[in-house]
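The block underneath contains the structure these notes are about, expressed in structure tokens.
The values are calculated or read from the model by the stated rules, or taken from the named source; none is laboratory data. Keep in mind that what you see is a predicted model, and the values were worked out from it rather than measured. Quick reminder, even Gly has a Cβ in these numbers, built from the backbone with ideal geometry, and neighbours come from all protein chains shown.
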Amino acid sequence: LTDATPSSIVARANLVRWSDVFISLISRSYQRTFFCMETINYAKDLRKPIVVILAESNFQPYGALGAISAGAVRSIVLPNDGISENVLTQLSNTISNQKIKKNSKNVTDPAKMEANNDKVNMIHGDTQCTILVCTVDDGVTVAQLVYEDFITNNLNVGFENLSKPNAACSV
């Protein structure tokens, strides 16, 4: 999920509802982008566990984003040298904890979340956790690192960049 993809507000809402954990890479440009703020506010309204990653170590979110960040289940500041093993461990632990708390399985196929379909049926179980990474432009790197960490730990995961025109799960 980026500032431009998907462009439909209904598709964005469906993706937020579909996810179990909402990861937001926050920066100054994120705070100024209407779609990003709208999406994180919706995740907050749905009481989704939100993980905030501050992409700029010298940026402190303010206003609504500051309040949402303060209430996040985890806040992580990226070091100047990029994403470290410690950041991946924190993300992995936080996601695992949220999975245990929720104890549910989301099996809704994002390919079926069309812009005109605002009613999504969820099936609950106990073995998977769906993670949605929302960013202005650099969340794919974080999502890829989370994916690789989960694969290393033999967890069943999939990775899809919804901003690509040929994405299998495009909405």
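General observations
- Members of region 31-44 that are touching a strand residue (DSSP E or B) at 6+ places or on another chain (Cβ under 9 Å) and under 19 Å from Val77 (Cβ atoms): Cys36, Ile40
- Hits in region 16-54 - residues which are farther than 12 Å from Gly66 by Cα and either acidic (Asp, Glu) or in contact with a Gly (Cβ under 9 Å, 6 or more places away or on another chain) (or both): Asp20, Ile23, Ser24, Leu25, Glu38, Lys44, Asp45, Ile50, Ile53
- Residue check, Arg17 among the charged types (D, E, K, R), closer than 30 Å to Thr152 by Cβ and under 13 Å from the mean Cα position of the chain (by Cα): yes
- Put simply, of Arg47, Arg28 the only residue that is of a type outside the set (Gly, Ala, Ser), over 19 Å from Leu78 (Cα atoms), at pLDDT 85 or above and surrounded by fewer than 18 Cβ atoms within 10 Å (Cβ to Cβ) is Arg47.
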